[in-house]
Amino acid sequence: MDTILEILETIKPGANFVASTDFIEEHLLESMEILQLVSELNDEFDINITLPYIKPKNFKSVESIYHMVQEILEDE
């Protein structure tokens, strides 16, 4: 999860991702930042986050992003 947090902090420096429970609702991540995050996650974890995974529930928190990445890794 530390790697995911590091990626988030490079995308939006200064945002408090650790304390947030819903990145989308709290406007910590906007659509372009989510696309950048998807690209960074794809590169970092050598995965392909496809359209079915790109939904708000998978980008609410560091934990939800982590679980999505783990699910994709298990499926590949």
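Structural remarks
- Selected from Asn58, His27, Asn16, residue furthest toward positive end of dipole (the range 2-75; charges at beta carbon): His27
- Value at 222 nm in deg cm²/dmol, rounded to 500, when DSSP H runs of n ≥ 4 in the chain each add -39,500 (n - 2.57): -16500 deg cm²/dmol
- Under 20 Å from Lys60, Cα to Cα: aspartates and glutamates that are on another chain or at least 8 residues apart: Asp2, Glu6, Glu9, Asp22, Glu25, Glu26, Glu30, Glu33, Glu40, Glu44, Glu71
- Stokes-Einstein diffusion of the chain at 20 °C, 1.002 mPa s viscosity, Kirkwood radius from Cα pairs, rounded to a whole number: 174 µm²/s.
- Inter-centroid distance (Cα atoms) of the range 1-24 relative to the range 27-76, Å: 13 Å
- Backbone N within the range 22-43 under 16 Å of label point (7 Å from Asn16 Cα along the Cβ vector): 22-29
- Across the range 35-40, computed HN-Hα scalar couplings (Karplus, 6.51 cos²θ - 1.76 cosθ + 1.60, θ = phi - 60°) run 4, 5, 4, 4, 4, 5 Hz from first to last residue, x flagging Gly and Pro.
- Charge dipole (the range 2-75, unit charges on Cβ, about Cα centre) - positive-most of Thr3, Leu73, Ser39: Ser39
- Charge dipole magnitude, Cβ of K and R +1, D and E -1 - the chain, Cα centre, debye nearest 20: 300 debye
- Between Glu26 and Glu74, full extension at 0.36 nm per residue minus the direct alpha carbon distance yields a gain of 14.3 nm.
Rule-based calculations on the coordinates, nothing more; no lab input. No experiment lies behind these values; they were computed from the predicted model shown. Cβ coordinates were reconstructed from backbone atoms using ideal geometry, including for glycine residues, and neighbour counts include every protein chain displayed.
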